[in-house]
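Encoded as structure tokens, the structure appears first; notes follow it.
Every read-out reported here was derived from the displayed coordinates using simple, explicitly stated rules and does not represent laboratory data. Note that this is a predicted model, so its numbers are computed, not measured. FYI the Cβ positions are ideal-geometry reconstructions off the backbone, even for glycines, and counts take in every protein chain you see.
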Amino acid sequence: MRSRFLPEGRLLHTPENEAACASRDGLRRAMEEETVLEGVAQLCDGAHNLLVSVGPFTGFLPREEAALGIAEGTTREIAILSRVGKPVCFQITALEESEGVLRPRLSRRRAQQAALDAMLAGLHPGCILPAVVTHLESFGAFVDIGCGVPSLIGIENISVSRIPHPDQRFRVGQAIFAVVQELDPKLGRVYLTHRELLGTWAENAARFQAGMTVPGIVRGLKEYGAFVELTPNLSGLAERKNGLREGDRVSVYIKAILPERMKIKLLAIDTLPPLNVPAPLEYFLTQGQIEKWKYAPEGCVKVGAETIFA
């Protein structure tokens, strides 16, 4: 199921897609077999129909077939307008010909519905799947989980370390992994989480030792110190230093690592230049199934985050 319904853009340059789009016979077979193909949207006309490059042909994708929910009014028109210049998935609904020119008629909505039906039937909570970030809002990151089907990762589920905005962790177009948190067949939605793939406290702390000096980001300031993010799922507490602000990138000296208290003691050394883009993510899991995730190490006196995938 996952290999058949990929986030948009992943299928475009595959040999299978290029071969199917290259000829009239290939397109006819794809139509008969209801194969999902991809092309690039060249333009959107005044009626919000899309013209799509399909190999040497130009396909016509009517407005009401451009996305799930467009015909019903539950999806905004920006879902169509924003596809220009980008890959779009589709199934072929007809091969129309006029004056010797073949013009495939396309449906992105049908491809999306097939992908969503397969996901709702084949996925379950705890499944890990690939996704591509499509849009960032203050409350979370929207991602494509297959054929342009959207899902949301709430900001509270992006990482253990709290961030002011998802753009601190993701960028649009980024390929990521996510975990199915919940399925709602009635509403046709797949809800995701992400932090469970970035490792437990112990897995992240194993990368560091007392005596190291490493970069970090100030995520919170209190009278008693500054919380500094060392990785997306690991923070330590540094002694308060004048001039530090939330969001600053700093070098910190690791004074002590205390697993039994899930605590890392730090000393802020210097302010560093900010990063222009979010640091690359390091995943501890990228496939398979999670049944339970516990952030705190064994024997820790503090209670950490925990997720049970029912």
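At a glance:
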{"quantity": "Relative packing of 33-43, 271-281, which averages over residues the other C-beta atoms within 10 Å, highest first", "calculated": "33-43, 271-281"}
{"quantity": "Size of the chain as Cα extents on the principal axes (Å, biggest first)", "calculated": "77, 40, 36"}
{"quantity": "Average Cα contact separation per residue, the chain, under 8 Å, 6 or more apart, as relative contact order %", "calculated": "13"}
{"quantity": "The chain - charge dipole about Cα centre, Lys and Arg +1 at Cβ, Asp and Glu -1, debye rounded to 20", "calculated": "1020"}
{"quantity": "Label-zone membership for segment 296-310, site Gln289, 7 angstrom Cα→C-beta point, backbone N under 13 Å", "calculated": "309-310"}
{"quantity": "The chain - mean residue ellipticity at 222 nm from DSSP helices (-39,500 (n - 2.57) per run, n ≥ 4, rounded to 500)", "calculated": "-3500 deg cm²/dmol"}
{"quantity": "Protection proxy ranking of 95-104, 15-24 - average other beta-carbon atoms within 10 Å, highest first", "calculated": "15-24, 95-104"}
{"quantity": "Residues His135 and Ala94, FRET efficiency given R0 of 35 Å [Cβ-Cβ distance, rounded to 0.05]", "calculated": "0.65"}
{"quantity": "For segment 123-198, size of Cβ-based charge dipole, Lys and Arg +1, Asp and Glu -1, in debye", "calculated": "60"}
{"quantity": "Among Pro185, Ala41, Leu106 - extreme Cα towards positive end, dipole of the chain, charges at beta-carbon", "calculated": "Pro185"}
{"quantity": "Segment 176-310: relative contact order in percent, alpha carbon pairs under 8 Å with at least 6 residues between", "calculated": "22"}
{"quantity": "Dipole of the chain, positive end: most advanced residue of Phe5, Gly243, Ser161 [Cβ charges, Cα centre]", "calculated": "Gly243"}
{"quantity": "Segment Asp184-Asp25, length gained on full extension (0.36 nm per residue, minus Cα span)", "calculated": "53.4 nm"}
{"quantity": "Set of aspartates and glutamates with alpha-carbon distance to Lys186 below 14 Å, sequence-local pairs under 8 removed", "calculated": "Asp117"}
{"quantity": "Rg and Dmax of segment 215-310, Cα atoms only, in Å", "calculated": "15.4, 47"}
{"quantity": "Order of Phe139, Phe90, Phe309 - criterion: other Cβ atoms within 10 Å of each residue's Cβ, fewest first", "calculated": "Phe139, Phe309, Phe90"}
{"quantity": "Efficiency of FRET between Gln113 and Lys222 - r from beta-carbon atoms, R0 45 angstrom, step 0.05", "calculated": "0.35"}
{"quantity": "The chain: angle of helix 108-122 to the longest principal axis, Cα-based, in degrees nearest 10", "calculated": "50"}
{"quantity": "Ala206-His13 FRET efficiency (beta carbon distance; Förster radius 35 Å; 0.05 resolution)", "calculated": "0.35"}
{"quantity": "Dipole magnitude (debye, nearest 20) for segment 163-310, charges at Cβ of Lys, Arg, Asp, Glu", "calculated": "280"}
{"quantity": "Net lengthening on full extension, His165/Val101 (0.36 nm per residue, minus Cα-Cα)", "calculated": "18.1 nm"}
{"quantity": "Distance violations [Cα-Cα > 30 Å] among Lys222/Lys255; Lys241/Lys294; Lys86/Lys292; Lys222/Lys302", "calculated": "Lys241/Lys294; Lys86/Lys292"}
{"quantity": "Proximal aspartates and glutamates relative to Lys263, as straight alpha-carbon distance under 19 Å, when same-chain residues fewer than 8 apart are discounted", "calculated": "Glu203, Glu223, Glu229, Glu239, Glu298, Glu306"}
